[in-house]
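J.: Input: one structure, supplied below.
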Amino acid sequence: MATRRPKVRYLREVWMKVIDPEKIQRARKRAGFTQYDLAALTRCTQATISALETGAMRGCSQDLAEALAKWLDRDVEDLFEAHPGSRMHRVTNAAGSKRQVAA
């Protein structure tokens, strides 16, 4: 069975910084979602949700932040702060996989 790739993010021009990683986790649990459930709803990976909740990933794109806030029934400003001057760039490693890093 082929796995589906996560949705390509379009709003890369605005980087959103996580204010408090534990707040995302508390909101997810309060909403009754597992990390996998929330990942499916926001069309990202479970690893991304885990990284945001543990603080391993300190930022994300604006559209992912908005999707998380929508499904967690929170305002985006409660969970993230915008850094419009920072752009997201794709980085390709030797294996050819792509990830995003803040410039």
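J.: Indicate the gyration tensor shape class of the range 18-84 (rounded, prolate or oblate), computed on the Cα atoms with a ≥ b ≥ c the square roots of the eigenvalues: a/c under 1.5 is rounded; otherwise a/b larger than b/c is prolate and the rest oblate.
T.: rounded
J.: Can you list residues whose amide H is under 5 Å from residue 15's amide H, if they're 5+ apart or on another chain and H is modeled 1.01 Å from N?
T.: Close amide H contacts, sequence-distant or interchain: 83, 86.
J.: Now for a different question. For residue 57, list long-range residues whose amide hydrogen, built 1.01 Å from N in the peptide plane, is under 5 Å from its own amide hydrogen.
T.: Amide H neighbours of residue 57, under 5 Å, 5+ apart: 52.
J.: Whole-Hz ³J(HN,Hα) for each residue in the range 42-52, computed from phi via Karplus 6.51 cos²θ - 1.76 cosθ + 1.60 with θ = phi - 60°, x for glycine and proline: what do you get?
T.: 9, 6, 10, 9, 4, 4, 5, 4, 4, 5, 5
Quick note: the coordinates plus some simple rules give every number you see, no bench work behind them. Remember, predicted model here, so these are calculated numbers, not experimental data.
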